Amino acid sequence: MPASHGYWLGVWRKFCKHPGALLGAFLLLCIVLAAVLAPWVAPFDPNQGGIILRLKPFGYDGHLLGTDELGRDMLSRLIYGARVSLAMGVAPVVGATIIGGGLGIVAGFYGKIANGIVMRVMDVFYAFPSVLLAVAIAGAMGGGLIDGMVALTLVFIPPMCRVAETATAQVRRLDFIEAARATGAGGWAIIRYHVIGNVLGPILVYASSLVSVSMLLSAGLSFLGLSVQPPTPDWGLMLSTLVQSIYVVPWVCALPGAAIFITSVSFSLLSNGLGEAMDVRR
Amino acid sequence: MSSILAQPPSDFEGPLLPLLLVRDLKKHFLLRGSGKLGARVHAVDGVSFSIAKGETLGIVGESGCGKSTLARLLMHLMPCDEGDFTFDGEAVNGAQGIGVASLRRQMQMVFQDSSASLNPRLPVQDSIAFGPRMQGKGRREALTVAREALRQVNLDPDLVGGRFPHELSGGQKQRVNIARALAIGPRMVILDEAVSALDKSVQAQVLNLLVRLRAELGLAFLFISHDLSVVRYISHRVLVMYLGQVVEVGPASALFAAPLHPYTRALLASRPSMDPARRIESLPVTGEPPNPVDLPPGCRFAPRCRFAEAVCTAKMPMLVTRPPDEGLRHEAACFIHDPESGHSLAGTGLSWETLT
């Protein structure tokens, strides 16, 4: 290894040599580009259908991936659906990572009373099944895209907080934290320089695993009418409405599931590669 | 000691005033879930000592005798229950005098585990630069200080500075830790088993480095170790601890040549010897140290001491000064050396030879 380089530069170099991470990054890039450029990429209007075009198989009359139960083009709906699905998958996880991760680091680092207060509050949230909690929060807020996101964020904060707290409590016991305190540094400086770098790995890996969970939970909320509302294309919502047609055009019905699967695998590959690249020992 | 003559400009009070005076330091740990309410471990129990400027005080004792707790108390990494610190004539953390932050600018610590005491995700020069940065230096200036500190411990900053801890050997890592302590510009460094985890040849290198730094920078060391030969090599004075208390303190030469306390004798006798004629046949001390929760009322060493008498279990012996031979005080907390104690051997001035 060269004698002088920054930590993040090294992470970037290792990341670029990791085939799995690159594949994940490439797939995600494709999905994000499709979502952003949807009006130009999609061959049809995602909300325009016809009763005679219902549930057609792959390739029927220019509909490359068939049509859904209302005769709308599946490819166009999948492309437009990426917008809402990515938002519903990523935004709650990002929010929960920042809030839950931050709380967990503070609780783990300061210990004692701070830890007691934060972790006992989290335990209260833990007592509810996550789906039920999300439904209850989204329902209480009225239901809608933003309400769904907020509900999912709140559901993911406690497990995120616990992961961050455990990782921080392990790091806190190491001598280099003690040595940093001996130089007269305050708590925030120690967290910034010495704690965050050492707990970011497990936090990011866990966050990426939450993305697919978030997309599926969001589908559940949409199904109950508490999140995305029906004409809007959303992978989770499409999956739940197409389930009834599975015996008519099985492959078409499997498409939204496949889209969720590919996205979550991409996130896993990405985070796995990131986790390995951030481990300086490799 | 030439180091005493070359005092740093930060020395206001002159070379004769002790750098650090510690009086009656106590730290008891409350035991939780032991069934007994209010059970306490007497980790450090009334320890007093002083360190002169440029002096190295060695602290020896079995594991669990409170050496590391003492180091952490001195650095104020944990609060003490009782006791006064005076650093260069100023009370520490009292109503007057200097605060903990200013103490930490003048006193630094090197830990035993050279790997765990470096952040695995920072290049070592950034780890060293962290201290100076926290004391208000800019990024560039702190890095210059860090690279200079690496040079002081015989490491090439261009070669080693940008490396991560896992890319360095144990000896190099411990040098980096020493450099980190030096980067603050301290007048005293606490070395808590700093060379114990290194193998012998590396240990010798690091010890020689410490001796050189001590002379160049006029540093005072508090050198904690269980390795008697290492302590003897580096220390001017040695303090022996047993179960949180000082049992003997004196000049290294006198203490190693003629130990006063039976525990020190046992400790010295347990050293492996290169000389076949001096190899020990029987164990100099038997049994385990008493449970630090339920301590005997008298001398804490009495249950294991071959000279123990009724008086030893009845009263706690205080440190008494042996008539000074070479000017430096040699003290031991044993009734044998207290003529008025009532111990049958009291005041007989037993020598090492007659008792072994």
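The values are calculated or read from the model by the stated rules, or taken from the named source; none is laboratory data. Source: prediction; values computed, not measured. Counting neighbours? That spans all protein chains shown, and the Cβs are built from the backbone with ideal geometry, glycine included.
Can you pull out the residues in the range B:163-185 that are closer than 24 Å to B:Gln106 by Cα, assigned to a helix (DSSP H, G or I) and within 9 Å of another protein chain (Cβ to nearest Cβ)?
B:Asn177, B:Arg180, B:Ala181
Would you check if there is a residue in the range A:225-233 being on the phi > 0 side of the Ramachandran plot and more than 14 Å from chain B (Cβ to nearest Cβ)?
Kept after step one, since they are on the phi > 0 side of the Ramachandran plot, are these residues of the range A:225-233: A:225.
If we keep only those that are more than 14 Å from chain B (Cβ to nearest Cβ) too, we end up with A:225.
Within the range A:225-233, one or more residues are on the phi > 0 side of the Ramachandran plot and more than 14 Å from chain B (Cβ to nearest Cβ).
Can you name every residue in the range A:220-238 that is part of a helix (DSSP H, G or I), more than 19 Å from A:Ala136 (Cβ to Cβ) and under 18 Å from the mean Cα position of the chain (by Cα)?
Correct list: A:Trp235, A:Leu237.
State yes or no: is B:Val238 in contact with a helix residue (DSSP H, G or I) (Cβ under 7 Å, 6 or more places away or on another chain), surrounded by 17 or more Cβ atoms within 10 Å (Cβ to Cβ) and at pLDDT 85 or above?
Yes.
Output the residues belonging to the range A:174-210 that are more than 7 Å from every other protein chain (Cβ to nearest Cβ) and of a type in the set (Ser, Thr, Tyr).
A:Tyr206, A:Ser208, A:Ser209
Quick one: in the range B:127-150, which of the residues that are surrounded by fewer than 14 Cβ atoms within 10 Å (Cβ to Cβ) and in a helix (DSSP H, G or I) is nearest to the other protein chains (Cβ to nearest Cβ)?
The residue in question is B:Arg139.
Applying the selection to the range A:57-97, what residues are aliphatic (A, V, I, L, M), surrounded by fewer than 24 Cβ atoms within 10 Å (Cβ to Cβ) and modelled with pLDDT under 85?
Residues satisfying the conditions are A:Leu64, A:Leu65, A:Leu70, A:Leu75.
Tell me yes or no: at least one residue of the range A:186-208 is under 29 Å from A:Val163 (Cβ atoms), of a type in the set (Ser, Thr, Tyr), in contact with a Leu (Cβ under 9 Å, 6 or more places away or on another chain) and part of a helix (DSSP H, G or I). So that I can check it myself, show each step before the final result.
Just the residues of the range A:186-208 that are under 29 Å from A:Val163 (Cβ atoms), to begin with: A:186-208.
Now narrow it down to the ones that are of a type in the set (Ser, Thr, Tyr): A:193, A:206, A:208.
Adding the requirement that they be in contact with a Leu (Cβ under 9 Å, 6 or more places away or on another chain) leaves A:193, A:208.
If we keep only those that are part of a helix (DSSP H, G or I) as well, we get A:193, A:208.
Among the residues of the range A:186-208, at least one is under 29 Å from A:Val163 (Cβ atoms), of a type in the set (Ser, Thr, Tyr), in contact with a Leu (Cβ under 9 Å, 6 or more places away or on another chain) and part of a helix (DSSP H, G or I), which makes the answer yes.
Could you tell me which residue of the range A:97-156 is nearest to A:Ile177 (Cα to Cα), considering only residues that are touching a residue at least 60 places away in the same chain (Cβ under 8 Å) and of a type in the set (S, T, N, Q)?
If we take residues in the range A:97-156 being touching a residue at least 60 places away in the same chain (Cβ under 8 Å) and of a type in the set (S, T, N, Q), then A:Thr97 is nearest to A:Ile177 (Cα to Cα).
Kindly provide the set of residues from the range A:182-211 that are touching a helix residue (DSSP H, G or I) at 6+ places or on another chain (Cβ under 7 Å), without any contact (Cβ under 8 Å) to a residue 60 or more places away in the chain and more than 17 Å from A:Ile157 (Cβ to Cβ), ordered by number.
Within the range A:182-211, A:Ala182, A:Thr183, A:Gly184, A:Ala185, A:Ala189, A:Tyr193, A:His194, A:Asn198 meet the criteria.
One line per residue, one yes/no per condition, for (1) touching a strand residue (DSSP E or B) at 6+ places or on another chain (Cβ under 8 Å); (2) closer than 25 Å to B:Ile178 by Cβ; (3) at pLDDT 90 or above:
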| residue | (1), (2), (3) |
| --- | --- |
| B:Ser63 | no, yes, no |
| B:Met78 | yes, yes, no |
| B:Glu90 | yes, no, no |
| B:Gly94 | yes, no, no |
| B:Arg104 | no, yes, no |
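Which of the residues that make up the range A:103-132 are under 15 Å from A:Val171 (Cβ atoms) and either touching a Leu at 6+ places or on another chain (Cβ under 7 Å) or part of a helix (DSSP H, G or I) (or both)?
Here is the first cut: in the range A:103-132, the residues under 15 Å from A:Val171 (Cβ atoms) are A:104-111, A:115.
Once the filter is applied, which keeps residues that are under 15 Å from A:Val171 (Cβ atoms) and either touching a Leu at 6+ places or on another chain (Cβ under 7 Å) or part of a helix (DSSP H, G or I) (or both), the range A:103-132 yields A:Gly104, A:Ile105, A:Val106, A:Ala107, A:Gly108, A:Phe109, A:Tyr110, A:Asn115.
Could you please find all residues in the range A:250-282 being among the aliphatic types (A, V, I, L, M) and farther than 21 Å from A:Tyr80 by Cα?
So in the range A:250-282, the residues among the aliphatic types (A, V, I, L, M) come out as A:252, A:254-255, A:258-260, A:262, A:265, A:269-270, A:274, A:277-278, A:280.
A:Leu269, A:Leu270, A:Leu274, A:Ala277, A:Met278, A:Val280, listed by residue number.
Restricting the search to the range B:151-162, which residues are within 24 Å of B:Ala204 (Cα to Cα) and within 11 Å of chain A (Cβ to nearest Cβ)?
Of everything in the range B:151-162, those that are within 24 Å of B:Ala204 (Cα to Cα) and within 11 Å of chain A (Cβ to nearest Cβ) turn out to be B:Asp156, B:Pro157, B:Leu159, B:Val160, B:Gly161.
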